[in-house]
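Asker: This structure is in structure tokens; I'll ask about it shortly.
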Amino acid sequence: MLLDYHIHALAHGEYDYDEFWIRLFAENARQKKLVEIGFSEHDEYLPRIKPDKLKRVQEDFPKLKIRIGLEVDYHPGREEEIQRMLAGSNYDYIIGSIHFIDGWGFDHPDFKDQFATQDIDDIYADYFSLVNQAVNSRLFDVVGHMDLIKIWGHRPVKQSVQAYVEPVLNSIKAARMVIEINSSGLRKPVGEIYPAREIMELMLALDIPITLGSDAHHPSQLGEGLEEAACLAKEVGYRQLVTFSNRRRELIEIG
């Protein structure tokens, strides 16, 4: 019983929200025996999302539940804009993510050299402060790729990762949010699932629920690494995943 809730059919704008293209994702999901998938485009491409395309594909894949979500980039001061964007929408879930620190796109290859110009612990502190602010905004259902800041392999040296993460996890617990286990880190230089095992152990101790996502930007990436992610979650002690419908959640057993 595996699912993939982090799929970008539009990728970073280079593809069209085309029924044939979406069908390729659904076909790959069926081949990988996923029970549910969710398309969660980046919010900057909101005008290009066509929910009617998903409905037509769903008719041809009756055994596969197809959800529609949105991945929203959180920036301090953007709260009212996000509220307006989501008002009256029919999304199944909203992922909140951090991709920028003071305008620096730290996860983009063109800007990774900036890690060498700053104190790594300051970067970690700034990143997790932003994650905490996103959580406390109460705008999102899911925390996306929680420790994305490790993407290039950089680690804090003055404090443990847990020291930066623990306050955020307490906020996530209070907000009753879900954390995704995102397998895309396996495709990145860090070569690790987001979040790391030690973070997942803290999550479990706080009884914070999880869901799964591959962060696929192409049909071939759909479901990639999800078995490894699910195995890691089970090793830590998780037995259930969250599914969403109209921003209401249910639990299913991990396959």
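Nothing in this text is a laboratory measurement; each read-out follows from the coordinates by a stated rule. For clarity, every value in this text was computed on a predicted model and none was experimentally measured. All Cβ positions, glycine included, derive from the backbone under ideal geometry; neighbour counts span all protein chains shown.
Asker: Report the gain in length on full extension from residue 158 to residue 176: 0.36 nm times residue separation, minus Cα-Cα distance, nm rounded to one decimal.
Answerer: 3.5 nm
Asker: Hey, fewest Cβ within 10 Å first, where do 107, 119, 92 land in order?
Answerer: Fewest-to-most ranking of 107, 119, 92: 119, 107, 92.
Asker: Compute the helix-to-body angle for 161-175: its Cα long axis versus the longest principal axis of the chain, expressed 0 to 90° and rounded to tens.
Answerer: Once rounded, one gets 50 degrees.
Asker: For the chain, modelled as a Gaussian network with Cα springs under 10 Å, which listed residue fluctuates most, 195, 156, 209?
Answerer: 156
Asker: Restricting to DSSP H runs of at least four residues, report the calculated mean residue ellipticity at 222 nm for the chain, -39500 (n - 2.57) per run over all residues, nearest 500 deg cm²/dmol.
Answerer: Helices in the chain give a 222 nm mean residue ellipticity of -10000 deg cm²/dmol.
Asker: Taking the number of other C-beta atoms within 10 Å as the exposure measure, put 12, 42 in order starting with the fewest.
Answerer: Neighbour counts put them in this order, fewest first: 12, 42.
Asker: Tell me which lysines have Cα within less than 26 Å of residue 63's Cα, excluding those fewer than 8 residues away on the same chain?
Answerer: Within the straight-line limit of under 26 Å, residue 63 reaches these lysines: 32, 33, 50, 53, 55, 234.
Asker: What residue among 15, 74, 93 shows peak mean-square fluctuation when the chain is described by a Gaussian network model with Cα springs under 10 Å?
Answerer: Looking only at 15, 74, 93, the largest GNM fluctuation is found for 15.
Asker: Ok, one more. Subtract the Cα-Cα distance of residue 20 and residue 90 from 0.36 nm times their separation in residues, and report this length gain in nm to one decimal.
Answerer: 22.9 nm
Asker: Another one. List the lysines whose Cα sits under 20 Å from the Cα of residue 158, skipping any in the same chain fewer than 8 residues away.
Answerer: Partners found: 150.
Asker: May I ask for the distance between the Cα centers of the range 19-81 and the range 176-230, given as a whole number of Å?
Answerer: Here the answer is 18 Å between Cα centres.
Asker: Counting alpha carbon pairs within less than 8 Å and at least 6 residues apart, what relative contact order, in whole percent, applies to the range 3-253?
Answerer: Result for the range 3-253 is 21 percent.
Asker: Give the relative contact order (percent, whole number) for the range 75-207; include only Cα pairs under 8 Å separated by 6+ residues.
Answerer: It comes to 26 percent, rounded to a whole number.
Asker: Can you compute the FRET efficiency between residue 186 and residue 83 using 1/(1 + (r/R0)^6), with r the Cβ-Cβ distance and R0 = 30 Å? Round to the nearest 0.05.
Answerer: Taking R0 as 30 Å, the efficiency between residue 186 and residue 83 is 0.30.
Asker: Let me ask something additional. Just to be sure I understand: with springs between alpha-carbon atoms less than 10 Å apart, which residue in 72, 190, 242 has the highest mean-square fluctuation in the Gaussian network model of the chain?
Answerer: Per the Cα network of the chain with a 10 Å cutoff, 190 tops the list.
Asker: How much of the DSSP beta bridge set in the chain is antiparallel, as a percent to the nearest 5?
Answerer: Antiparallel bridges make up about 25 percent of those DSSP assigns within the chain.
Asker: Sticking with this structure for a sec: Going by C-beta contacts inside 10 Å, put 145, 108 in order with the fewest on the left.
Answerer: 108, 145
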